[in-house]
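Remarks on the structure that follows.
The values are calculated or read from the model by the stated rules, or taken from the named source; none is laboratory data. Since this is a predicted model, take the numbers as computed values, not measurements. Glycine also receives a Cβ, built like all others from the backbone with ideal geometry; neighbour counts cover every protein chain displayed. The area values use the complete protein model at the heavy-atom level, side chains included, leaving out ligands, DNA and RNA. Shrake-Rupley method; radii C 1.70, N 1.55, O 1.52, S 1.80 Å.
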Amino acid sequence: MTEEPRPTTTGIGRVLVVVYAILALAATGRSAYQIATKLDEAPVAYALSAVAAVVYIVATVALVRRGRGAYRTAVVAIGFELLGVLVVGALSLIDPVLFPDDTVWSRFGQGYLFIPLVLPVLGLLWLRRVRRSLDAQVVA
């Protein structure tokens, strides 16, 4: 019988879950307000903020849950987040006209103290640690 991965809600994993939950709330509120009140001004930027909100929600839920499926979901969500931050961050610097208003990931998350840039790196490192713990349990 294979044991489930160590919960990500202990130690630094707990901090990651809290930060992801806060970003999920912030991005959801921001995108909902922007889409409801001024979607015509910057539809791509506001849609990307909504995508970021969904990614943060999925990552938060996946980090809280146990099991291989939740682990895989967390890796995919956080990997997508990192890719999004890097692509949107670079594009927002290279061609600011593409983003007439900020998204969560604009300029690598500058409006959020660069947390959107650092968080997925920390999240993936933590998940690698969880995976190593799981692999060690299977071998033992």
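Determine whether Gln34 is free of Cβ contacts under 8 Å to residues at least 12 places away in the same chain, among the polar types (S, T, N, Q) and surrounded by 15 or more Cβ atoms within 10 Å (Cβ to Cβ).
Details: free of Cβ contacts under 8 Å to residues at least 12 places away in the same chain: no; among the polar types (S, T, N, Q): yes; surrounded by 15 or more Cβ atoms within 10 Å (Cβ to Cβ): yes.
It is false that Gln34 is free of Cβ contacts under 8 Å to residues at least 12 places away in the same chain, among the polar types (S, T, N, Q) and surrounded by 15 or more Cβ atoms within 10 Å (Cβ to Cβ).
If you scan the stretch 54-71, which residues turn out to be at pLDDT 95 or above, over 17 Å from Arg14 (Cα atoms) and open to solvent by 60 Å² or more (accessible area, probe 1.4 Å)?
Val54
Mind checking which residues of the stretch 16-31 are over 21 Å from Val75 (Cα atoms) and open to solvent by less than 20 Å² (accessible area, probe 1.4 Å)?
Matches in the stretch 16-31: Ser31 only.
For the stretch 93-106, name all the residues that are part of a helix (DSSP H, G or I), open to solvent by 10 Å² or more (accessible area, probe 1.4 Å) and in contact with a Phe, Trp or Tyr (Cβ under 9 Å, 6 or more places away or on another chain).
The answer is Leu93, and nothing else.
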